[in-house]
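Below is one structure; the comments refer to it alone.
Since every read-out is calculated from the coordinates, none of them should be taken as a lab result. Please read all numbers here as calculations on a predicted model, not as lab measurements. Cβ: placed from backbone, ideal geometry, glycine included. Neighbour counts: every protein chain shown.
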Amino acid sequence: MSLTNRNAGADADPRRALLCEGLAALGMPGDDEVSVAALLAYLDLLQKWNRAYNLSAVRDPLQMVTQHLLDSLAVVPALDRHLQGRAVRILDVGSGAGLPGLVWALMRPAWSVCCVDAVAKKASFVRQAALELGLRNLAAEHSRVEDLRQPPFDIVTSRAFASLADFCALSRPQLAPGACWLALKGKVPDDEIAVLPASVEVFHVEPLHVPGLDARRCLVWMRPR
């Protein structure tokens, strides 16, 4: 069954309306039926696995759209501006159920995304989701980031993985020459920035608006000096 057919009767699904409204607010195509259907199919898989494996504390379907999908999608325009159409390799550290890496891979097929997590059931879920959603540009590794053995990445990202200092220290070997770190944070982490080592440069802190979410978000862009 195709994703579009699987999402037949989507007009009756309140998640779809909320997702399309959020995509429009982000300036992203909201009428791409395949992408919208795939994103909702991902949430269906997450809800199914959640019953047995407790991958996410968010259970309400509409909250999942906002706190999982839109929170991840809000970063895509910033990445688009930074990458300017380049095909890249992205590492998502402590990805959990694939957030944000799986969502990015779904929306941008030219990005090769690897989600790494130290919890086996989370990496297994991402592998299964990649298979069921047909995401050939998505891989999942069950590993600590410091033990990961992969070719280096152009962007190394994290969402609530660790402090900035720990994130940079643990993932430094995964950076390709000229690559950068991208940390997704709530409020601007001034205390964490203040204790970064001299070997790490913060070159941009970008406020982020997540449609429907009444909470502060920002992106912290960093690179080796």
task = Only helices (runs of 4 or more DSSP H) wholly contained in region 55-151 count here; list those with 2 or more residues that are touching a Pro at 6+ places or on another chain (Cβ under 8 Å).
result = 61-64
remark   = Within region 41-54, restricting to residues that are assigned to a helix (DSSP H, G or I) and without any contact (Cβ under 8 Å) to a residue 60 or more places away in the chain, the one that is nearest to LEU69 (Cα to Cα) is LEU43
request  = Hey, can you tell me all the residues within region 100-131 that are farther than 22 Å from LEU19 by Cα and in contact (Cβ under 8 Å) with a residue 40 or more places away in the chain?
outcome  = LYS121, LYS122, PHE125, GLN128
